[in-house]
Amino acid sequence: MVRKITDFVYVIEHEEAANNVIIIGKSGAILVDTSLFPEKARSIAKFVRELTAKPITLVMNTHYHPDHTLGNIAFDCPIVAHSLTRSSMSLFDGEYLRSLGIEITSVKLPDIIFDDKFEYEDGIKIEFYHGPGHTPDSSYVYLPSEGVLIAGDTIVNRMHPEIVSDSNLNLWIKTLQSLPKVKHVIPGHGPAEDHSCIEHMVDYLETIKRLLSGEIGVNDLEKSKNFSERTHPELLNWSIKNLIS
Ligand SMILES: [Zn+2]
């Protein structure tokens with residue numbers, strides 16, 4: 001489903017797959033995250049052509065995970081991401097790609113990298129910051145004039161997030177607490193909402209920390225709406241396994 005967030009920002013929301021965000025600049029369109037499937041990325045490119053006569057001039061990857069990056073090969077404009085995003089993506093080999101069941105033999109790596117902050121201006125000012133948290137390279141996009149934050153998987157809304165083996169809960173919470181409290185927050189997965197989803201994400205991770213320290217048990221999680229009302233509960237079990245392995 002496509003949702004207009006502001007006059008210049010659209011999100012292609014998916015039930016569970018990663019969101020794709022289109023920013024309409026003065027001379028071109030900017031796409032944030034490119035999906036797992038190259039064919040889907042091509043349909044996103046087609047949608048952008050229908051939305052605006054402007055070409056896609058820049059692609060941004062919020063982190064290295066394949067559901068945000070493998071569609072890069074459908075775009076021939078520059079791709080910008082954190083330096084760790086590029087180095088992690090360079091480890092994707094044929095065996096890994098086959099394990100995902102995707103017909104793809106090569107990965108298009110970001111060609112512009114940054115460490116702390118990347119700025120871009122095309123009628124709209126775009127600020128791209130390193131988080132980290134969900135992964136060491138996790139980054140987010142801030143559009144001050146639009147009151148829009150594009151959070152990548154630093155925020156997952158209304159469904160359980162994926163806490164992976166390289167997630168750092170303390171850094172993740174610190175990043176969340178430093179995010180601008182804007183009107184429109186577009187998460188990596190789940191629907192766009194106001195900034196209350198930032199606080200829900202902090203609460204979620206703080207609760208997971210209490211679970212890991214033994215302060216509360218798994219059954220206590222069900223008492224919290226922030227857990228019981230999220231979809232995909234199987235991801236919670238998966239995350240806990242990742243954290244204790
Ligand atoms: Zn994701």
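Of Ile79, Ile24, Ile104, which has the largest mean-square fluctuation in a 10 Å C-alpha GNM of the chain? Ranking Ile79, Ile24, Ile104 by mean-square fluctuation puts Ile104 first. Here, P(r) means the percent of Cα pairs in each 10 Å bin from 0 to the largest distance; for the chain it is 7, 33, 37, 18, 4, 0.
When the chain is described by a simple charge dipole with +1 on each Lys and Arg Cβ and -1 on each Asp and Glu Cβ, the residue from Val141, Asn226, Leu205 located farthest towards its positive end is Val141.
A simple spin-label model places pseudo-atoms 7 Å from Cα toward Cβ; at Lys4 and Thr231 they are separated by 2.5 nm.
The alpha carbon radius of gyration of region 116-245, expressed as a multiple of 2.2 N^0.38 Å, is 1.07.
Considering only alpha-carbon pairs that sit under 8 angstrom and 6 or more positions apart, the relative contact order computed for region 1-137 is 19 percent. Judged by the ratio a/c of the largest to the smallest principal axis of the C-alpha gyration tensor, region 169-245 counts as prolate, that ratio being 1.5 or greater while a/b is larger than b/c.
About its Cα centre, the dipole of the chain is roughly 320 debye, where the only charges are +1 on Lys and Arg Cβ and -1 on Asp and Glu Cβ.
Taking Tyr204, Tyr96, Tyr64 as the candidate residues, the one with maximal mean-square fluctuation in a Gaussian network model of the chain, Cα springs under 10 Å, is Tyr96. For Asn20, nonlocal amide neighbours, meaning residues 5 or more places apart or on other chains whose placed amide H falls under 5 Å from its own, are Ile12. If you take the alpha carbon atoms of region 1-94 and fit the smallest convex hull around them, that volume is 98 Å³ per residue.
With contacts taken as Cα pairs under 8 Å at a separation of at least 6 residues, region 92-150 carries a relative contact order of 19 percent. Of the Cα atoms belonging to region 196-240, the radius of gyration and Dmax stand at 10.1, 27 Å. Two decimals is fine: what is log10 I(q)/I(0) at q = 0.25 Å⁻¹ for region 88-130, from a Debye sum with one equal scatterer on every Cα and no solvent? Cα-only, vacuum Debye calculation for region 88-130: -0.85.
Seen through its C-alpha gyration tensor, with square-root eigenvalues sorted a ≥ b ≥ c, region 23-66 comes out oblate because a/c lies at 1.5 or above while a/b is not bigger than b/c. With protein chains left intact and a 1.4 Å probe, residues in region 116-245 average 45 Å² of accessible area per residue. Stretched out straight at 0.36 nm per residue, the stretch from Ser245 to Glu127 would grow longer than its current Cα-Cα span by 38.9 nm. For the chain, the longest principal axis of the Cα atoms and the long axis of helix 38-51 meet at an angle of about 60 degrees. When the Gaussian network model of the chain links Cα atoms closer than 10 Å, the mean-square fluctuations of Leu211, Leu58, Leu109 top out at Leu211. Hey, what number do you get for the chain at 222 nm if only DSSP H runs of n ≥ 4 count, each worth -39500 (n - 2.57), divided across all residues, to the nearest 500? Taken over the chain, the calculation gives -8500 deg cm²/dmol. Overall shape of region 99-155 was characterised from the C-alpha gyration tensor. The equivalent ellipsoid obtained from it has semi-axes of 25, 15, 12 Å, in decreasing order.
The distance linking region 191-221 with region 59-85 is 29 Å (Cα centroid to Cα centroid, whole angstrom).
Across region 5-20, computed HN-Hα scalar couplings (Karplus, 6.51 cos²θ - 1.76 cosθ + 1.60, θ = phi - 60°) run 8, 9, 4, 10, 10, 10, 10, 9, 8, 10, 4, 9, 5, 5, 6, 10 Hz from first to last residue, x flagging Gly and Pro.
The values are calculated or read from the model by the stated rules, or taken from the named source; none is laboratory data. All values reported here derive from a predicted model rather than from experimental measurement. For neighbour counting, all protein chains shown are included, and Cβ atoms are generated from backbone atoms with ideal geometry for every residue, glycine included. Heavy atoms of the whole protein, side chains included, go into the accessibility calculation; ligands, DNA and RNA do not. Shrake-Rupley method; radii C 1.70, N 1.55, O 1.52, S 1.80 Å.
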